[in-house]
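Data first, discussion second: the structure below is written as structure tokens.
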Ligand SMILES: [Zn+2]
């Protein structure tokens, strides 16, 4: 007897492509269908439903139609306040689980199918509170995911009379599965490798969070990580013969001959004109906006300083090779550049803290074999990590990449004067940076003030109110060899 278990992870609201996967999943008629978290947050469609239409995301109806059995909380589920999570859970015809969030959800889910009992245990990386920009999770307690998974697997094995145990972890691997080489910091964000080494009694291990594509066997355990953004799903074929259960994992990729569901309303909204600028603010290569001030980043700084009254401003760039704004600016242009629902915080930072933050930014670069400035190989694995690089506004500075990491800030001026270590500035940063993640610990401090409106909405308002846009900011920075 044979049946299949299907797992998705990190769909991030890419419902158009998910609708293609959905048709494929429907055909397979899986005995068990699991989502491993980061289900809705992260797409233009999600932004539209959260911020503009303020309605239940259409991906939930699709998931209900597909008869998902269970979903595991991902870290991005907590980008929403608890009452919105409660709403979302109510709309889902399947339970959301997490063993390591105290008194919040069921720890596991049991299904009887094909004459056996299967347990699905859910855990989420316990780093969730570290990324909480809006204090949504302060009333929740996240236990160490490894400890919680170990305890729950033991419990299920000894009390639930199950024949198959699936651990579904919204987290990834700190070490390469086959070589054991470290691929991530040993800080506890990703504990998948340790789970495989230290927990007895797992048959199938579903992972996610790192957006890697993995389908392999490790010590007899089927291990999968089905990528991200609905490009594929993981399918585990289970065979039962003479009471012996075997299983084998594979990834199944989206079939692009299937017509995706389209959302005309979203496209109409994205094509709505907001305002215009005197010049074209667009750029078309990856590095130029990262190597010097360009009109687009100056505009973002101008807007951030306008709404915060801060002295300095920090902005990040999306991981796109094209961006900025055309002369006629539409809602879709804003989302392309600023897809995240961050808000602005004003922090008091000293001259030495500013220097430290810039050194972290400078560390993403290296000089490659062709003697050009390139990203350092350390920022590319396991996925590009552009969120460790910021551009600063109203600050005149220079980063020299031929210098050693930690000594690359070779000029640091404010209004024509060299910044001293004890000088203090009011700096506008996004709420993500203000969590102090990725070693930006100098940013983790009480904000002097905050602007609760999210950054994409602020720039939409700024463009609308200041059209035609002019750049008045004169500061500049340069990244050089
Ligand atoms: Zn994700």
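The set of residues in the stretch 441-453 being surrounded by 15 or more Cβ atoms within 10 Å (Cβ to Cβ) and either within 17 Å of the chain's Cα centre (by Cα) or in a helix (DSSP H, G or I) (or both) consists of 442, 443.
Quick one: which of 324, 332 is surrounded by fewer than 21 Cβ atoms within 10 Å (Cβ to Cβ) and in contact (Cβ under 8 Å) with a residue 40 or more places away in the chain? So that I can check it myself, show each step before the final result.
On the way: 324 fails: surrounded by fewer than 21 Cβ atoms within 10 Å (Cβ to Cβ).
After ruling out the rest, the residue left standing is 332.
For beta carbons closer than 6 Å, sequence separation of 6+ or different chains, a first residue in the stretch 1-29 that is closer than 21 Å to residue 116 by Cβ and away from the ligand (no atom under 16 Å from the Cβ) and a second that is assigned to a helix (DSSP H, G or I) and modelled with pLDDT of 95 or more, the qualifying pairs are 4/28; 6/25. Just one of the listed residues (243, 176, 200) is within 30 Å of residue 43 (Cα to Cα), out of contact with any strand residue (DSSP E or B) (no Cβ under 7 Å at 6 or more places or on another chain) and surrounded by fewer than 19 Cβ atoms within 10 Å (Cβ to Cβ), and it is 176. Comparison of 278, 244, 265 shows that the only residue that is touching a residue at least 60 places away in the same chain (Cβ under 8 Å) and outside the structural domain of residue 467 (by TED's automatic domain parsing) is 265.
Give, as residue ranges, the strands (runs of 3 or more DSSP E) completely inside the stretch 166-284 that count at least 2 residues that are out of contact with any helix residue (DSSP H, G or I) (no Cβ under 7 Å at 6 or more places or on another chain) and within 16 Å of the ligand (Cβ to nearest atom).
Values: elements: 204-206, 213-218, 221-226, 232-241, 244-253, 273-276, 281-283.
Because the criterion is at least 2 residues that are out of contact with any helix residue (DSSP H, G or I) (no Cβ under 7 Å at 6 or more places or on another chain) and within 16 Å of the ligand (Cβ to nearest atom), the strands (runs of 3 or more DSSP E) in the stretch 166-284 that meet it are 213-218, 221-226, 232-241.
Residues are listed down the side, and each one gets a yes or a no for (1) touching a helix residue (DSSP H, G or I) at 6+ places or on another chain (Cβ under 8 Å); (2) not in a helix (DSSP H, G or I):
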site	(1), (2)
6	yes, yes
21	no, no
33	yes, yes
41	yes, yes
48	yes, no
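Scan the stretch 35-77 for residues that are touching a strand residue (DSSP E or B) at 6+ places or on another chain (Cβ under 6 Å) and either within 16 Å of the ligand (Cβ to nearest atom) or more than 25 Å from residue 137 (Cβ to Cβ) (or both) and the total you get is 8.
Taken together, 212, 251 contain a single residue that is closer than 23 Å to residue 176 by Cβ, touching a strand residue (DSSP E or B) at 6+ places or on another chain (Cβ under 7 Å), surrounded by 15 or more Cβ atoms within 10 Å (Cβ to Cβ) and modelled with pLDDT under 95, which is 212.
The values are calculated or read from the model by the stated rules, or taken from the named source; none is laboratory data. These numbers were taken from a predicted model, which means no experiment stands behind them. With ideal geometry, Cβ positions are generated from the backbone for all residues, glycine too; neighbour counts draw on all protein chains shown.
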